[in-house]
Amino acid sequence: MLIVLCHGFGADGNDLFGLARPLQSYLPSAAFVSPNGPERVEGGGYRWFDNGANFGNVLHDVLAAAPALNTFADSELARVKLPPDRLIFVGFSQGATTVLNVGLRRKPRPIAVVAYAGARLSLENLPERFDGQPPVLLCRGSEDPQSRAGDMENAVQVLTNRGLNVQSRTFPSLAHGINDGEIMLAGEFLRNAARSRP
C-alpha cells in the first residue's frame with residue numbers, strides 16, 4: 001500500500017516524512033511519500049489552500065486542492081505499481097483538513113484517513129451515505145489553539161451519521177503537534193484498516 005503524508009501550512013513534504021519510520025513498524029510493506037502542497041507561501045514553505053479570513057471560503061478552497069493531491073497520489077500509485085484502492089492518507093493541520101475532505105470524495109475510497117490537528121469538514125458534494133469506507137481517525141491536542149474541538153466533534157457526528165467508522169481522541173497537554181501516543185494510535189488504526197480491506 002501507499003501512504004501519502006500531507007504537511008501543514010508553511011511547511012514542506014520533508015516536515016512530515018519523519019512519520020514514515022514509526023508507522024512502517026505497523027505496516028512493514030507500505031511505501032511512503034510526502035509531497036509539497038501545490039501553492040508556495042510567501043516567506044517559505046507551501047500550502048494546500050488559502051487559509052483566508054472567511055471560514056466558509058476555506059471549506060470551499062480546500063476542495064480546490066483535490067486535483068493536485070489526487071493527481072500526485074495516482075502518479076505515485078502507478079510508480080510503485082499499486083492499484084488505486086491501495087492508498088492511505090495521513091495529514092497534519094492544513095494537510096489534515098485536506099486529506100479528510102479529499103479522501104472522503106476520492107474514488108475508489110482510500111483504505112483509511114488519519115487527520116492530526118485539523119478536522120474542518122466541508123459538506124459540499126459530500127456523499128449522503130458511505131458503505132463504511134474509509135475508516136477515519138481524528139486526533140488533536142487539548143491545548144491546540146489552531147485545531148478547534150468543535151470541528152472534530154462536528155466531523156465525528158456528521159461522518160458517523162453517514163455510515164463511517166470514525167475514531168477520535170483528544171490528547172491532554174498537547175499543543176499544535178504530533179506526539180508518540182498519536183503515532184501509536186494511528187499505527188494500530190492503520191494496521192487494522194489494512195487487514196480489514198480485502
message = Of all residues being more than 29 Å from A175 (Cβ to Cβ) and among the charged types (D, E, K, R) in segment 100-127, which is modelled with the lowest pLDDT? Just the residue, please.
response = E124
note = Taking segment 25-49 and keeping residues modelled with pLDDT under 90 and surrounded by 17 or more Cβ atoms within 10 Å (Cβ to Cβ) leaves F49
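Give the residue, chosen from V4, V80, V41, V33, that is hydrophobic (A, V, I, L, M, F, W, C) and within 24 Å of S168 (Cα to Cα). Talk me through it step by step, then tell me what you get.
Details: V80 fails: within 24 Å of S168 (Cα to Cα); V41 fails: within 24 Å of S168 (Cα to Cα); V33 fails: within 24 Å of S168 (Cα to Cα).
That would be V4, the only listed residue that is hydrophobic (A, V, I, L, M, F, W, C) and within 24 Å of S168 (Cα to Cα).
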ask   = If you go through segment 171-182, how many residues are in contact with a helix residue (DSSP H, G or I) (Cβ under 7 Å, 6 or more places away or on another chain) and among the hydroxyl-bearing types (S, T, Y)?
value = 0
Residues of segment 159-188 that turn out to be among the β-branched types (V, I, T) and closer than 12 Å to V136 by Cα, as a count = 2
ask   = Considering V156, V90, V114, V136, which residue is surrounded by fewer than 19 Cβ atoms within 10 Å (Cβ to Cβ) and β-branched (V, I, T)?
value = V156
request  = Tell me which residues, restricted to segment 61-84, are touching a residue at least 60 places away in the same chain (Cβ under 8 Å) and surrounded by 14 or more Cβ atoms within 10 Å (Cβ to Cβ).
outcome  = V62, L63, L69, F72, A73, E76, L77, L82
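Is there a residue in segment 54-73 that is part of a loop (DSSP other than H, G, I, E, B), at pLDDT below 95 and out of contact with any Cys (no Cβ under 9 Å at 6 or more places or on another chain)? I'd like the intermediate steps shown before the answer.
Quick first cut of segment 54-73, residues part of a loop (DSSP other than H, G, I, E, B) only: 54.
In the following step, the residues that additionally are at pLDDT below 95 were identified as 54.
If we keep only those that are out of contact with any Cys (no Cβ under 9 Å at 6 or more places or on another chain) as well, we get 54.
Yes, segment 54-73 has at least one match.
The values are calculated or read from the model by the stated rules, or taken from the named source; none is laboratory data. Note that the coordinates shown come from a computational prediction; the quantities given were computed from them, not determined experimentally. When we count neighbours, we look across all protein chains shown, and the Cβ atoms used for this are built from the backbone with ideal geometry, even at glycine.
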